[in-house]
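To keep things clear, I will list the structure first and then write my remarks on it.
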Amino acid sequence: MELAKRLDRPVVLVGLMGAGKSTVGRRLARRLGIPFVDSDAAIEDAAGLSPAEVFERYGEQDFRDGERRLVARLVDEGKVSVIATGGGAFIDPRTRELLNERAITVWLDAPVDILTERTSRRDTRAQLRNGDPKATLERLASERRQAYEQAHLHIKSGSGAHREVVEAILRALDAHLKGTD
Ligand code: S3P
């Protein structure tokens, strides 16, 4: 059976800033013929402020609370879709548990050098505005690895084309669904 028809829950991309969650997620959704939702963009629609503005005006805790509620709402809708989360969403234990219960979670794992290069193209991330971005990403990578490792699927994404990452996710989803059929 066609892969999209075998899905009964959202596919959720997790991983650090710059791993390609939004770009790859959009392409993956297109390949599967299902809707794509970007949680950072949804927060921006709801709050009328970008994630960086929410961080800077109200602090990280408020951003995390809003993010947790938004991700819960998206998962509650139960729609078969691809959801790209912000890099910190899966670090929250409650969000992680909910996503692992109700979605298929995919960790997009890229080396810090690539994350540093990609995130340097746009100044949209509050956490990377102060200090050395590479050092910050290295710290986040080591602090968060244990949480990201709990995703159902682990996809390494290097400097190759996004298309190849999409293909790797499709293969991993196929194998995962065979295992849970
Ligand atoms: C964050 C990642 C960002 C955004 C916010 C916090 C994080 O999303 O949600 O700046 O803590 O890793 P992206 O991973 O889409 O850049």
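Key figures
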| read-out | value |
| --- | --- |
| Filter result (within 13 Å of the ligand (Cβ to nearest atom) and charged (D, E, K, R)) within the range 120-144 | Arg121, Arg122, Asp123, Arg125, Arg129, Arg139, Glu143, Arg144 |
| Counted residues, the range 57-80 - those being open to solvent by less than 10 Å² (accessible area, probe 1.4 Å) and more than 14 Å from the ligand (Cβ to nearest atom) | 1 |
| Among (1) closer than 23 Å to Leu115 by Cβ; (2) touching a Leu at 6+ places or on another chain (Cβ under 9 Å); (3) aromatic (Phe, Trp, Tyr) - the single one Tyr58 does not satisfy | (1) |
| Filter pass, Ala161 being under 22 Å from Met1 (Cα atoms), away from the ligand (no atom under 16 Å from the Cβ) and hydrophobic (A, V, I, L, M, F, W, C) | no |
| Gly25 touching a helix residue (DSSP H, G or I) at 6+ places or on another chain (Cβ under 8 Å) and closer than 29 Å to Val112 by Cβ | no |
| Lone qualifier among Val37, Val14, Val54 - being under 22 Å from Gly179 (Cα atoms) and within 14 Å of the ligand (Cβ to nearest atom) | Val14 |
| Check on Asp109, of a type outside the set (Gly, Ala, Ser), open to solvent by 20 Å² or more (accessible area, probe 1.4 Å) and touching a His at 6+ places or on another chain (Cβ under 9 Å) | yes |
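The values are calculated or read from the model by the stated rules, or taken from the named source; none is laboratory data. This one's a predicted model, so the numbers in the text were calculated from it and none came from an experiment. Here Cβ is always computed from backbone atoms with ideal geometry, including for glycine, and neighbour counts include all displayed protein chains. We work out accessible area using only protein heavy atoms, side chains counted, and drop any ligands, DNA or RNA first. Shrake-Rupley method; radii C 1.70, N 1.55, O 1.52, S 1.80 Å.
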